[in-house]
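The values are calculated or read from the model by the stated rules, or taken from the named source; none is laboratory data. Everything numeric in this text was worked out from a predicted model, so none of it was measured. All Cβ positions, glycine included, derive from the backbone under ideal geometry; neighbour counts span all protein chains shown. Only protein heavy atoms, including side chains, enter the accessible area calculation; ligands, DNA and RNA are left aside. Shrake-Rupley method; radii C 1.70, N 1.55, O 1.52, S 1.80 Å.
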Amino acid sequence: MSVAHMIDGKAEAARLLDMLREDVSRLRAQGVAPCLAVVLVGNDPASEVYVRNKVLRAREIGIESLECRLPADTDEPALLGLIARLNADPAVHGILVQMPLPAGLTESAVIDAIAPAKDVDGFHRENVGRLVLGEPGLAPCTPSGCLHLLRRIAHDLSGKHAVVVGRSNIVGKPVATLLLQANCSLTVVHSRSVNAAQLCRQADIVIAAVGKPQLIDANWVKPGAIVIDVGINRIEVDGKPKLVGDVDYASVSRVASAITPVPGGVGPMTIAFLMKNTIAAAAAQHGLRQQAPASAA
Ligand code: NAD
């Protein structure tokens, strides 16, 4: 029995970050110090970890970072006021507001408030529109990371049948859009789909973005398929905390031709693409370079 190739997102992200470090040096030589502002409201432990990792990665490659921490009881005008100040600050090139926000704050209002040119998460409706139209803009990081890993494994995605499991605005829909732009045939499976496993079993490429621990087992996967697991789920095994994906790695790795692990798959790519977007945003704001087309991610 053959075992699937493990797609090493950690190594690929490290390779990408090395290249991005050089981009930062080139920008600095032209008098631009790329700067990412990270806004954290409250003290959700998982968000704390995400923010710490993003700031660390930024510093490692020479990107300036600004950590803006607000208490959990911050009201919307105060948060929108901070975003307005960051929008107006020419030294800040990228703004990321860590989600989820505490109850009482409306995520869509906060995303709408970020200047599209600084929206390094790629969630603003202007960037979403650009992504759908295939125009240059800032594309969301996790979907871009998925496409990058796929292209490292299968150079030409044209004509492949991709099944995306999940239809969220931050992963499922944008990754489906990028797969279409890569000329895949596309099926999106979601919570109301009938026979989700059967649909998924037709795929050459499976992208799992569900948020259900190990939902996708070998019965969902065609022999030889490429499987990208976006899920990050915290479970307990023998009383100990464990991080698992939406894919049952043990069973699927005996069927698939290639598969991303959790952790060490898509997660590191998300951070690498956040850095890439910050650098592109800084360059664009200084008129130094055109941002890459969203579809090129
Ligand atoms: P979400 O809850 O917003 O969306 C989940 C989607 O799954 C929904 O569209 C729903 O229709 C679908 N779904 C639910 N049950 C289903 C079922 N039984 N069969 C088929 N589809 C079903 O989640 P999200 O924000 O898209 O995140 C998905 C997962 O990806 C989570 O585990 C999240 O933690 C993870 N995530 C990882 C990264 C990363 O950097 N690796 C980034 C974002 C999200």
Worksheet item: Restricting the search to region 158-176, which residues are within 12 Å of the ligand (Cβ to nearest atom) and in contact with a strand residue (DSSP E or B) (Cβ under 6 Å, 6 or more places away or on another chain)?
Response: 163, 164, 165, 167, 172, 175, 176
Worksheet item: If you check residue 261 against the conditions, is it surrounded by fewer than 24 Cβ atoms within 10 Å (Cβ to Cβ) and within 14 Å of the ligand (Cβ to nearest atom)?
Response: yes
Practice prompt. Assess whether residue 134 counts as being open to solvent by 10 Å² or more (accessible area, probe 1.4 Å), among the small types (Gly, Ala, Ser) and out of contact with any Pro (no Cβ under 9 Å at 6 or more places or on another chain).
Written response: no
Fill in: Check on residue 288, in contact with a helix residue (DSSP H, G or I) (Cβ under 8 Å, 6 or more places away or on another chain) and either on the phi < 0 side of the Ramachandran plot or open to solvent by 30 Å² or more (accessible area, probe 1.4 Å) (or both)
yes
Practice prompt. Would you be able to say whether some residue in region 146-154 is more than 20 Å from the chain's Cα centre (by Cα) and touching a residue at least 24 places away in the same chain (Cβ under 8 Å)?
Written response: no
Worksheet item: Does residue 77 satisfy the criteria of being open to solvent by 30 Å² or more (accessible area, probe 1.4 Å), closer than 30 Å to residue 182 by Cβ and at pLDDT 95 or above?
Response: no
Item to complete: Taking only region 119-131 into account, find how many residues are of a type outside the set (A, V, I, L, M), surrounded by 22 or more Cβ atoms within 10 Å (Cβ to Cβ) and part of a helix (DSSP H, G or I).
Response: 1
Worksheet entry | Looking only at region 177-215, and only at residues there that are without any contact (Cβ under 8 Å) to a residue 24 or more places away in the chain and more than 10 Å from the ligand (Cβ to nearest atom), the one that is surrounded by the fewest Cβ atoms within 10 Å (Cβ to Cβ) | 194
Item to complete: Would you please list the contacts, defined by Cβ atoms under 8 Å and residues six or more apart or on different chains, that run from a residue in region 239-256 that is open to solvent by 10 Å² or more (accessible area, probe 1.4 Å) to a residue that is in a helix (DSSP H, G or I) and of a type in the set (A, V, I, L, M)?
Response: 248/218; 251/218; 254/218; 255/218
Worksheet entry | Output for region 216-233, where each listed residue is under 19 Å from residue 146 (Cα atoms), surrounded by fewer than 19 Cβ atoms within 10 Å (Cβ to Cβ) and within 16 Å of the ligand (Cβ to nearest atom) | 233
